[in-house]
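The values are calculated or read from the model by the stated rules, or taken from the named source; none is laboratory data. Keep in mind it's a predicted model, so treat the numbers as computed, not measured. Methodologically, a virtual Cβ is constructed for each residue, glycine included, from the backbone with ideal geometry; neighbour enumeration extends over all protein chains shown.
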Amino acid sequence: MGFMEPLSPLEQALHAARALVLADLVAGDVAEADVVSLVEDSVAERRWWVEQWPDGAAYVAGLVAQDVQDALLERYGRWPLCPVCRSGDPHALDVEPELGPDPHWVCAKVGVRVAPVGSLGAATGGMASS
């Protein structure tokens, strides 16, 4: 027939969010099949959300990250663990802003931005694929 339809901005945002969160899961070595399905569930739910509110497309990556973080907490425990605080109780990083563009993983304890969502591997010295 010819060219495929280009992805809508909504689908682009969802694909990007999925890729970023998966990259962070891989960096943390927790990208098991059932964990990947948590990402898929979140993306499916957020697709509906962003269809209702297209201006929210820029916020999808942070929201998917938080959805997956919450789902993992219920099943496995805290993720991603803070790589900054070496002492004290292990604690998870937070996503900031909770609803905004350019989401970052942040250690709320010491107020440090650790990495943009999707870039945890670089920040935590995870395996780099070079």
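Tabulated data for the structure shown
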read-out	value
Leu99 being part of a loop (DSSP other than H, G, I, E, B), of a type outside the set (Ser, Thr, Tyr) and over 20 Å from Ala123 (Cβ atoms)	yes
Counted residues, segment 27-42 - those being assigned to a loop (DSSP other than H, G, I, E, B) and either in contact (Cβ under 8 Å) with a residue 60 or more places away in the chain or β-branched (Val, Ile, Thr) (or both)	3
Every residue from segment 1-11 that is part of a helix (DSSP H, G or I) and either touching a helix residue (DSSP H, G or I) at 6+ places or on another chain (Cβ under 6 Å) or surrounded by fewer than 13 Cβ atoms within 10 Å (Cβ to Cβ) (or both)	Pro9, Leu10
Residues that are surrounded by fewer than 18 Cβ atoms within 10 Å (Cβ to Cβ) and either basic (Lys, Arg) or in a helix (DSSP H, G or I) (or both), drawn from segment 72-83	Leu73, Glu74, Arg75, Arg78
Check on Arg86, assigned to a loop (DSSP other than H, G, I, E, B) and in contact with a strand residue (DSSP E or B) (Cβ under 7 Å, 6 or more places away or on another chain)	no
Residue ID - surrounded by the most Cβ atoms within 10 Å (Cβ to Cβ), chosen from residues in segment 30-67 that are within 22 Å of Ala92 (Cα to Cα) and more than 14 Å from the chain's Cα centre (by Cα)	Glu32
Residue match in segment 13-24 (condition: part of a helix (DSSP H, G or I) and among the charged types (D, E, K, R))	yes
Conditions (1) assigned to a helix (DSSP H, G or I); (2) under 16 Å from Ala123 (Cβ atoms); (3) out of contact with any strand residue (DSSP E or B) (no Cβ under 6 Å at 6 or more places or on another chain); (4) not aromatic (Phe, Trp, Tyr): number failed by Ala58	(2)
Filter result for the condition that a residue is at pLDDT below 95 and acidic (Asp, Glu), over Glu74, Glu96	Glu74
Total residues in segment 107-130, condition surrounded by 16 or more Cβ atoms within 10 Å (Cβ to Cβ), modelled with pLDDT of 95 or more and over 17 Å from Asp67 (Cβ atoms)	5
